[in-house]
Structure formats: structure tokens, C-alpha cells
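Reviewing the structure listed below.
The values are calculated or read from the model by the stated rules, or taken from the named source; none is laboratory data. Given the structure is predicted, the values throughout are model-derived calculations rather than measurements. Reconstructed Cβ throughout: ideal geometry from the backbone, glycine too, with neighbour counts over all protein chains shown.
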Amino acid sequence: MARKWPVILGLLVGLGMLLTGFASGASVVEQWQLAARWTARAGFPLFLATYLASSLVRISPAPWSRALARDRRWWGLGFAASHTVHFIALVMATRLSPEPRTIVSLIPGGVAYAFILLMALTSSNTAMRALGRNWKRLHAAGIHVIWLIYTLAYAKRIPEPASRTIGLIMTALALTALAIRLAARRKQPRPALA
Ligand code: HEM
């Protein structure tokens, strides 16, 4: 149980952002929009922890990076928990929005959600054994699809003056995370984990 606390953290952070959206929005539509925005934002550090866990332990082996790499499954499930709350908020925001979304605009996020679900459902030793090499393929593809959706979602906020700062900061973080992963690939194989 001690290692599973990132899952509880993800759920609490997601629900906390949902409540913050409710407390801040001037109308019901705005409340759900803010809840969607902040649940996605709060999930980003959890995602980065999962995305970088194996790379950080290669680049900087230390007790903290070993613990992060050892518990990366739970960080990933914590991200899935927070993004489940984002899902609830986005469904409500989309339903209430006066500007309907096209089906096409839902495809990239929908694909990312399909990966989040599959990755969460296969985050067990039993699933790893059953899927063999396909487990690694699924999780490698999924983590990069989620990275791409985050990066595009933030990059497209850069042209808007109101969201430029958050767009720039988060896009820079996403690109830095990619650079760290690429740098880690050049290093020695990851040390064995407890
Ligand atoms: C079909 C699926 C999805 C829909 C309909 C959707 C909808 C929304 C909505 C309504 C917002 C609030 C927009 C605002 O700022 O007013 C939002 C924000 C956001 N969503 Fe989602 N979302 C989806 C999936 C995803 C996924 C899978 C990710 C990441 C992997 C993601 C990342 C984001 C980000 C980064 C923001 C902006 C947060 C910020 O401003 O800091 N979304 N989304």
C-alpha cells in the first residue's frame, strides 16, 4: 500500500481541481470549463513523473530516482485517476458549451483516452506476462500519444495572449521532458530496480 499513494494523490488532486473550478466559475458552463482546464493541468506533473521515471534513474541514479522508477506504475495510475476526473469535467463542459464540438475534434483526445484506459487496465504483472512484447509496445506508444496530446494542447495556447504564458511554460516542460528521454537513451541500461 505504501507505494500506491500516487494513485490517491492523483484522485485527490483531480477532485480538488474539480471543486476549485466549481468555486471559481461565474456560470455553470464556466465552472465545468475551468474544472476541465485545471484537472488537465494538475494531471501534467503526474504524467511527467511517469514519462520521465525510467530516464531519470539512468541519468541521475539516486534513492529518489530509484523510488520514482520503482513506483512508476503507481504514478501512471495516479495520472489515470486525475485524468478520469478530467473526463467527467470535459463531458459536462462539452455538453453544456454553446459551441458544439465536431466529432473530428474529439478524435485526438479520444485516442489518448483509449490508450490511458488500456494502459491502466494492463498495469499489472499478470497483464505484462500475458501480453509479452506487446505490453511494452502498447505502453511505449501510449505514453508518447499522451505526450503529444499534452504538447499540442499547450502549444496551441501560445498564440492566444490570455493563455500564452501557461502555453509557453508547459510546452517548454513537455519538450524538456522529451529531451531528457532522448538523452537517457544514450546512457547505460537502467540499473536493476528492487
Ligand atoms: C476527447 C477528449 C477531450 C476533450 C473533449 C477535452 C476537453 C477539454 C476542455 C473542455 C478543456 C478546457 C478548455 C479551457 O481551457 O477552457 C480542456 C483542457 C485541456 N485538456 Fe482536455 N479534453 C480531452 C482530452 C484530453 C487529453 C487526453 C489530454 C492530455 C493527454 C488533455 C489535455 C488538456 C490540456 C493540457 C488542457 C489545458 C489545461 C490548461 O489550460 O492548463 N485533454 N480539455
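The residue that is farthest from Leu173 (Cα to Cα), among those in segment 30-68 that are touching a Lys or Arg at 6+ places or on another chain (Cβ under 6 Å) and not hydrophobic (A, V, I, L, M, F, W, C), is Arg58. Please enumerate the residues belonging to segment 115-131 that are touching a Gly at 6+ places or on another chain (Cβ under 9 Å) and more than 8 Å from the ligand (Cβ to nearest atom). Phe115, Leu118, Met119, Ala120, Ser123 - these are the residues of segment 115-131 that are touching a Gly at 6+ places or on another chain (Cβ under 9 Å) and more than 8 Å from the ligand (Cβ to nearest atom).
So in segment 153-177, with the set limited to residues that are near the ligand (Cβ under 9 Å from one of its atoms) and in a helix (DSSP H, G or I), which one is farthest from Phe115 (Cα to Cα)? Residue satisfying both the conditions and the ranking: Ser163. Evaluating Ser123 against the criteria (1) closer than 19 Å to Arg72 by Cβ; (2) assigned to a helix (DSSP H, G or I) leaves one unmet condition, (2). Taking residues in segment 13-25 that are among the basic types (Lys, Arg), and partners anywhere that are exposed (fewer than 15 other Cβ atoms within 10 Å of the Cβ) and modelled with pLDDT under 95, not one pair has Cβ atoms closer than 6 Å while being at least 6 places apart or on different chains.
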